[in-house]
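The structure appears right after this line, and notes come after that.
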Amino acid sequence: MLFCPQCSNLLLIENEGGQTFFCQTCPYMYNIHSRHTTRKLLQRKEVDDVLGGAAAWENVDSTEVTCPKCEHERAYFMQIQIRSADEPMSIFYKCCNENCQHQWREG
């Protein structure tokens, strides 16, 4: 994207009679003499665990519930109020199987 140096609006491309950048609001025009490309690679942000990461699961209890991924019989759980106070709490589970560690929620 290029912007007009006079009024700072986005320049558009006109294909008739050779390629030209032009401004819709002022008479500025710029003839394109060669191919104009630029590329910028963006850095991805690290995703934070909404539940607090591994530290949030350190002192939680486990219960008998079947993991939907590996069908292990036990999972850690914690209850968190994520909606308004008149809604029930959501239960988050994490599989006790060290090879699975699948997380899911109920409610």
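The values are calculated or read from the model by the stated rules, or taken from the named source; none is laboratory data. The model shown is predicted, which means the values in this text are computed figures rather than measured ones. Counting neighbours? That spans all protein chains shown, and the Cβs are built from the backbone with ideal geometry, glycine included.
Kindly indicate whether any position in segment 60-71 is in a loop (DSSP other than H, G, I, E, B) and in contact with a Gly (Cβ under 8 Å, 6 or more places away or on another chain).
No, there is no match, as no residue in segment 60-71 is in a loop (DSSP other than H, G, I, E, B) and in contact with a Gly (Cβ under 8 Å, 6 or more places away or on another chain).
Among the residues of segment 6-23, count how many are loosely packed, with under 11 Cβ neighbours inside 10 Å and at pLDDT 90 or above.
1
Can you tell which of Q24, Q6, Q101 is touching a Leu at 6+ places or on another chain (Cβ under 8 Å), in a loop (DSSP other than H, G, I, E, B) and not aromatic (F, W, Y)?
Q24
Counting only residues that are modelled with pLDDT under 80, surrounded by fewer than 10 Cβ atoms within 10 Å (Cβ to Cβ) and among the acidic types (D, E), how many does segment 36-62 have?
2
State which residue pairs qualify: first residue under 22 Å from N9 (Cβ atoms) and inside segment 30-55, second residue at pLDDT 70 or above and not in a loop (DSSP other than H, G, I, E, B) in any location, beta carbons under 6 Å apart, and separation of 6 or more residues or different chains.
Pairs found: Y30/F21; N31/T20.
Looking at segment 63-107 only, could you name the residues that are over 27 Å from the mean Cα position of the chain (by Cα), among the aliphatic types (A, V, I, L, M) and surrounded by fewer than 16 Cβ atoms within 10 Å (Cβ to Cβ)?
Selection gives A85 alone.
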